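The values are calculated or read from the model by the stated rules, or taken from the named source; none is laboratory data. On a predicted model such as this, the values are computed, not experimentally measured, just so you know. Glycine also receives a Cβ, built like all others from the backbone with ideal geometry; neighbour counts cover every protein chain displayed.
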Amino acid sequence: MKPIRLTTIGKVIWFFLVVIVCLALFSLVSLLKRGNETKKIDKPTEVDSEKIIDYTSSKNYSFDFDKNDGFKSENNVISITESGTYKLNGNNDKYKFVVDCPNGVVKLVVSNFKTSVVYDLISVKSANKLIIELEDGSKNSIISDLLENADSELPTIIKSNSDIEFVGGGKLVVETIGNFLISKANLNFKDAILEINNINNGIKIDGNFTMESGTLYILSSAKGLVTSGNTTISDGTFILRSSESAIKVSGIFLLNDGKIFIASLNEIQKPNANSLQKTIILNFKEARTKLLFFHDTTQVTLAYAGDLSYQHILYSDEFKTENYVLYGSGKIAGTQTYGLYKLEDTAEDGQLTCEGLVNDRFSVKNLVNVYDDIVKK
């Protein structure tokens with residue numbers, strides 16, 4: 001045999017060995033790379049988040065406006081730049097509050113606090129959250145009927161770039177023209193009693209509005225509640241009366257529990273069909289100011305005073321029966337609160353009806369029940 005033949009076979013063998021080694025190296029590199037990628041997925045790079053600074057349980061300050069004690073001001077502005085709890089009490093006739101506390105939680109405890117300041121009373125430039133706590137049993141008020149000058153814009157009492165929470169077992173009464181609250185963030189309401197009377201615009205927020213409990217009453221000459229986000233009422237008493245547009249929700253509008261009553265001249269937005277509580281919406285053929293009685297065929301269960309002109313009603317509650325008779329006039333004895341009566345005696349008259357009713361009964365069998373062109377029977 002010739003030596004060259006052996007050399008040719010050797011070259012072929014070496015060629016295959018090189019190919020096998022290359023393939024093995026390629027596979028090994030691929031496995032290592034895949035392992036590194038898996039590690040990256042399992043352990044993603046951590047991103048630093050803003051640290052929330054909350055000293056509301058450890059740092060406490062008290063502002064006594066009757067004694068002009070406990071605070072410093074510049075040009076009648078009290079600046080709050082540290083997280084903590086700040087208690088406000090007494091009569092304030094000139095001071096405003098500016099909260100500028102990045103990432104901080106600030107709590108204002110309002111305790112028998114009265115003020116006539118309505119132009120930017122509270123301005124939140126920056127904070128993680130502002131908590132307004134109405135101290136249990138306290139009676140507080142923001143009352144003013146004066147403009148700073150004839151050319152001034154209508155005042156806004158609270159302006160905020162951050163979340164706001166209303167809490168506590170006290171009461172705040174607002175009696176003024178202008179706007180109550182404008183916020184670029186969220187608003188949460190719990191336990192407190194907030195009564196807003198004769199306001200121009202009640203609450204306007206770019207975020208979400210949630211109500212967990214308490215009582216919120218708004219009497220508005222323009223817009224009552226406007227939210228660019230979602231609105232959820234989970235419990236409590238929510239009463240809104242408006243001469244124009246009562247409520248506008250750009251996101252999801254849920255009525256899940258509680259007592260909700262809205263009266264408006266303009267058509268009222270329907271809650272989403274996946275709400276948890278039943279709602280009835282009444283659209284009258286003409287505007288009216290007369291009494292309105294809800295009668296469950298055995299007794300009057302709710303009476304609305306009217307007085308402020310209305311053409312549309314939304315009522316959501318834990319309805320105990322499925323059918324109601326409506327009366328649009330009569331006499332009544334009892335105590336009126338926020339336009340609704342705590343009944344002692346009634347003499348209802350002027351039964352109401354609309355097309356499509358059976359025996360003139362307004363049914364609340366569905367989650368959302370709408371009746372149009374209601375007139376006197």
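Filter the stretch 179-211 down to the residues that are surrounded by fewer than 22 Cβ atoms within 10 Å (Cβ to Cβ) and over 13 Å from the mean Cα position of the chain (by Cα) and list them by number.
Passing the criteria: D191, I193, E195, N197, N198, N200.
Can you pull out the residues in the stretch 112-141 that are surrounded by fewer than 21 Cβ atoms within 10 Å (Cβ to Cβ) and of a type in the set (G, A, S)?
S116, S123, S126, G137, S138, S141
Select, from F97, F166, the only residue that is under 19 Å from K67 (Cβ atoms) and either among the small types (G, A, S) or surrounded by 18 or more Cβ atoms within 10 Å (Cβ to Cβ) (or both).
F97
Checking N323 against (1) buried (at least 16 other Cβ atoms within 10 Å of the Cβ); (2) polar (S, T, N, Q); (3) without any contact (Cβ under 8 Å) to a residue 40 or more places away in the chain, which single condition isn't satisfied?
The one condition N323 does not meet is (3).
Answer yes or no as to whether Y327 is aromatic (F, W, Y) and under 30 Å from the mean Cα position of the chain (by Cα).
No, not satisfied.
Name the residue that is modelled with the highest pLDDT, counting only residues in the stretch 147-163 that are surrounded by fewer than 20 Cβ atoms within 10 Å (Cβ to Cβ) and either in contact with a Pro (Cβ under 9 Å, 6 or more places away or on another chain) or assigned to a strand (DSSP E or B) (or both).
Ranking the qualifying residues of the stretch 147-163, first place goes to K159.
Which condition number in (1) within 19 Å of I196 (Cβ to Cβ); (2) without any contact (Cβ under 8 Å) to a residue 24 or more places away in the chain is the one that V110 fails?
(2)
Sort out which residues of the stretch 212-228 are closer than 19 Å to G251 by Cα, more than 8 Å from the chain's Cα centre (by Cα) and part of a strand (DSSP E or B), and write them in order of number.
L225, V226
Restricting the search to the stretch 359-376, which residues are of a type in the set (A, V, I, L, M) and part of a strand (DSSP E or B)?
V368, V370, I374, V375 - these are the residues of the stretch 359-376 that are of a type in the set (A, V, I, L, M) and part of a strand (DSSP E or B).
Tally time: how many residues in the stretch 212-239 are among the small types (G, A, S) and surrounded by fewer than 20 Cβ atoms within 10 Å (Cβ to Cβ)?
Of the residues in the stretch 212-239, 6 are among the small types (G, A, S) and surrounded by fewer than 20 Cβ atoms within 10 Å (Cβ to Cβ).
Could you list, in sequence order, all residues of the stretch 253-262 that are of a type outside the set (S, T, N, Q) and either outside any strand (DSSP E or B) or touching a Gly at 6+ places or on another chain (Cβ under 7 Å) (or both)?
Within the stretch 253-262, D257, G258 meet the criteria.
So in the stretch 328-341, with the set limited to residues that are among the hydroxyl-bearing types (S, T, Y) and in a strand (DSSP E or B), which one is surrounded by the most Cβ atoms within 10 Å (Cβ to Cβ)?
This residue is Y341.
Here are some residues: E286, E318, E344. Which one is surrounded by fewer than 17 Cβ atoms within 10 Å (Cβ to Cβ), at pLDDT below 95 and either in a strand (DSSP E or B) or aromatic (F, W, Y) (or both)?
Exactly one residue qualifies, and that residue is E344.
Take the conditions free of Cβ contacts under 8 Å to residues at least 40 places away in the same chain and exposed (fewer than 15 other Cβ atoms within 10 Å of the Cβ) and apply them to D373. Does it pass?
no
Just wondering, is there one or more residues in the stretch 312-327 that are farther than 14 Å from F362 by Cβ, out of contact with any Cys (no Cβ under 9 Å at 6 or more places or on another chain) and among the hydrophobic types (A, V, I, L, M, F, W, C)?
No, there is no match, as no residue in the stretch 312-327 is farther than 14 Å from F362 by Cβ, out of contact with any Cys (no Cβ under 9 Å at 6 or more places or on another chain) and among the hydrophobic types (A, V, I, L, M, F, W, C).
Taking L276 as meeting all but one of (1) part of a loop (DSSP other than H, G, I, E, B); (2) within 27 Å of V173 (Cα to Cα); (3) of a type in the set (A, V, I, L, M, F, W, C), write down the number of the exception.
Going through the list (1) part of a loop (DSSP other than H, G, I, E, B); (2) within 27 Å of V173 (Cα to Cα); (3) of a type in the set (A, V, I, L, M, F, W, C), L276 breaks only (2).
Taking into account only those residues within the stretch 120-146 that are among the charged types (D, E, K, R) and part of a loop (DSSP other than H, G, I, E, B), which is nearest to I196 (Cα to Cα)?
Top of the filtered list is D145.
If Y304 passes every condition in (1) surrounded by fewer than 20 Cβ atoms within 10 Å (Cβ to Cβ); (2) closer than 22 Å to D235 by Cα; (3) of a type outside the set (V, I, T) but one, which one does it miss?
The number of the failed condition is (1).
Just checking, does the stretch 170-178 include any residue being of a type outside the set (A, V, I, L, M, F, W, C), crowded, with 17+ Cβ neighbours inside 10 Å and modelled with pLDDT of 95 or more?
yes
Is one or more of the residues making up the stretch 229-252 assigned to a strand (DSSP E or B), more than 25 Å from V368 (Cβ to Cβ), more than 13 Å from the chain's Cα centre (by Cα) and charged (D, E, K, R)?
Among the residues of the stretch 229-252, not one is assigned to a strand (DSSP E or B), more than 25 Å from V368 (Cβ to Cβ), more than 13 Å from the chain's Cα centre (by Cα) and charged (D, E, K, R), which makes the answer no.
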